[in-house]
Amino acid sequence: VFQMRSISVLLVAIILVVVSSLLSINSYGKMLYGMFFETLSNKDVSMQHQYQQQNMTDDGCGLNKSPIVTVPKLPKWRNYTNEETKRYMEILKYVNQIGIDKRQQKFPPPIFSKLSCDKDPPGIRRVMSQYKRIWFIGDSVLRQVFSALIAQLLPDANMIDGVAERQGKNGYDFVYNHSKGNTQLWYSPSGRSWDQQERALYMNEFPDAIRTSTANDAIVINRGSHYDHRLGPALQKAVDFIANATTDAAIFFIEASDEQWPTSNGMFTKACMWFCKCEALKNDRIAGRGTMVDNSKNNRNITGDLNLHSYQNDKKLQSFYESMYPQFAMENSSYSILTNSVPSYLPATWRNDMVNSILQKSAPHIKIVPVWRQLVARELEHSRINGDCTHKSLNAVLAIGEQLLRAMVS
């Protein structure tokens with residue numbers, strides 16, 4: 001009887017620990033995604049990330065300046081009207097006709113919906129005609145946005161001399177003709193995955209844009225998707241470099257968009273490439289505590305990527321991220337549980353937490369274009385195809401473009 005009672009007590013204790021852990025993870029996910037929960041406790045609010053503590057509007061788009069909102073309004077999506085659906089199909093046709101982005105979705109999404117704010121996005125032609133040149137410098141997600149914007153300007157936009165080459169890197173140059181004259185629209189690829197030295201950022205395109213731009217020009221840049229948790233310090237260095245740039249041109253920095261890989265935090269891991277089914281981000285993945293899928297049937301067991309991501313055991317990196325998230329050290333200083341995460345124990349917001357904090361403090365002249373929480377609020381899978389959970393369907397790409405247009409006129 002004594003042994004049975006002891007076992008019962010032990011089982012109850014284990015159950016309480018498990019339940020407590022699950023509640024803790026769910027609470028932490030809500031904390032990171034806190035602006036979506038109207039009933040946060042004072043403790044949760046006090047631990048919200050720095051990038052949430054910024055000037056935001058109440059309409060869910062996060063662009064117009066207003067008093068600081070402790071719990072910003074939930075971004076909302078609405079269904080397309082019939083006219084908007086027709087326009088979407090027209091843009092999709094033009095995107096494929098342009099052909100500069102093979103990653104675009106070839107078919108319409110199952111649900112036609114768009115980000116809904118108090119005010120509709122401004123007309124793209126009116127916004128673009130304000131500038132003489134708009135230079136887009138960034139990764140393939142930004143190329144998707146660029147391609148969709150060009151598609152919306154057709155037939156009044158034309159490619160200049162096919163593929164342009166600037167400083168040895170391929171890019172795309174378009175000219176948009178309008179009543180005020182014309183606007184040059186340039187895209188230059190800049191991503192660490194194919195350019196370890198990041199020459200487009202440090203040596204070529206971005207410095208050229210800073211040097212040659214005038215008050216009549218704009219620079220649109222992004223950073224994030226090519227930096228996994230091992231490259232946190234490199235991302236910090238890159239954003240510091242951008243923040244210190246001085247130019248008369250308007251600079252717009254587009255947040256890293258949500259990734260929908262079925263991993264600990266929705267971010268990419270090698271074993272998932274072309275195999276994993278994409279999933280919308282939920283609380284556990286937002287908190288970096290998501291359950292990882294097992295693709296062993298494809299001989300791609302995701303847990304094998306623990307070796308690839310073993311850098312999360314690095315003491316210097318632990319210290320680096322503890323400075324961003326002190327609660328990690330408080331929760332589990334030994335990291336014995338957290339370091340079994342693939343790709344990492346970091347929350348899904350970590351890139352934007354770092355970037356937005358730097359830009360808000362050091363570069364108020366750079367306009368942050370918020371897209372992460374807007375896309376997550378849709379609560380739907382919106383990736384291009386399964387097996388590629390980083391790139392977006394055209395439906396989501398258009399929402400990012402609309403956020404940029406809002407920022408350009410705000």
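The values are calculated or read from the model by the stated rules, or taken from the named source; none is laboratory data. Source: prediction; values computed, not measured. Glycine also receives a Cβ, built like all others from the backbone with ideal geometry; neighbour counts cover every protein chain displayed. Each accessible area value is taken on the protein alone, full model and side chains, heavy atoms only, with ligands, DNA and RNA left out. Shrake-Rupley method; radii C 1.70, N 1.55, O 1.52, S 1.80 Å.
Residues being farther than 21 Å from Ala148 by Cβ and either in contact (Cβ under 8 Å) with a residue 60 or more places away in the chain or open to solvent by 10 Å² or more (accessible area, probe 1.4 Å) (or both): count how many of those fall in segment 182-197.
5
Can you find a residue in segment 254-270 that is open to solvent by 20 Å² or more (accessible area, probe 1.4 Å) and out of contact with any His (no Cβ under 6 Å at 6 or more places or on another chain)? Yes, segment 254-270 contains at least one residue that is open to solvent by 20 Å² or more (accessible area, probe 1.4 Å) and out of contact with any His (no Cβ under 6 Å at 6 or more places or on another chain).
With respect to the conditions (1) surrounded by 17 or more Cβ atoms within 10 Å (Cβ to Cβ); (2) of a type outside the set (S, T, N, Q); (3) outside any helix (DSSP H, G or I); (4) at pLDDT 80 or above, Val293 falls short on a single one, namely (4). Restricting segment 367-380 to residues that are open to solvent by 10 Å² or more (accessible area, probe 1.4 Å) and of a type in the set (A, V, I, L, M, F, W, C) leaves a set whose member that is nearest to Ala250 (Cα to Cα) is Ile368. Scanning segment 138-150 for residues that are closer than 16 Å to Leu398 by Cα and buried (at least 21 other Cβ atoms within 10 Å of the Cβ) turns up Val141, Leu142, Arg143, Gln144, Val145, Phe146, Ser147, Ala148, Leu149, Ile150. Within segment 198-226, the set of residues being of a type in the set (A, V, I, L, M, F, W, C) and open to solvent by less than 10 Å² (accessible area, probe 1.4 Å) comprises Ala200, Leu201, Phe206, Ala209, Ala218, Ile219, Val220, Ile221.
Out of the residues in segment 381-410 meeting the condition of being out of contact with any helix residue (DSSP H, G or I) (no Cβ under 9 Å at 6 or more places or on another chain) and either on the phi > 0 side of the Ramachandran plot or of a type in the set (A, V, I, L, M) (or both), tell me which one is least open to solvent (accessible area, probe 1.4 Å). Top of the filtered list is Ala407. Annotation: of all residues in segment 122-137 being open to solvent by less than 30 Å² (accessible area, probe 1.4 Å) and farther than 20 Å from Thr214 by Cα, the one that is modelled with the lowest pLDDT is Pro122.
Residue check: Gln360 meets all listed conditions (1) at pLDDT below 90; (2) surrounded by fewer than 23 Cβ atoms within 10 Å (Cβ to Cβ) but one, namely (1).
Quick one: in segment 304-333, which of the residues that are among the hydrophobic types (A, V, I, L, M, F, W, C) and modelled with pLDDT under 80 is least open to solvent (accessible area, probe 1.4 Å)? The selected residue is Phe328. Annotation note: Cβ proximity below 8 Å between a residue of segment 343-372 that is closer than 16 Å to Glu259 by Cβ and acidic (Asp, Glu) and a residue that is open to solvent by 20 Å² or more (accessible area, probe 1.4 Å) and assigned to a helix (DSSP H, G or I) (sequence gap 6+ or interchain) occurs for Asp353/Gln50; Asp353/Met324.
Those strands (runs of 3 or more DSSP E) of segment 128-243 in which at least 3 residues are within 25 Å of Arg351 (Cβ to Cβ), considering only elements entirely within it, cover 133-138, 181-189, 217-222. Total residues in segment 92-102 satisfying the condition of being surrounded by 15 or more Cβ atoms within 10 Å (Cβ to Cβ) and under 22 Å from Asp388 (Cα atoms): the figure is 6.
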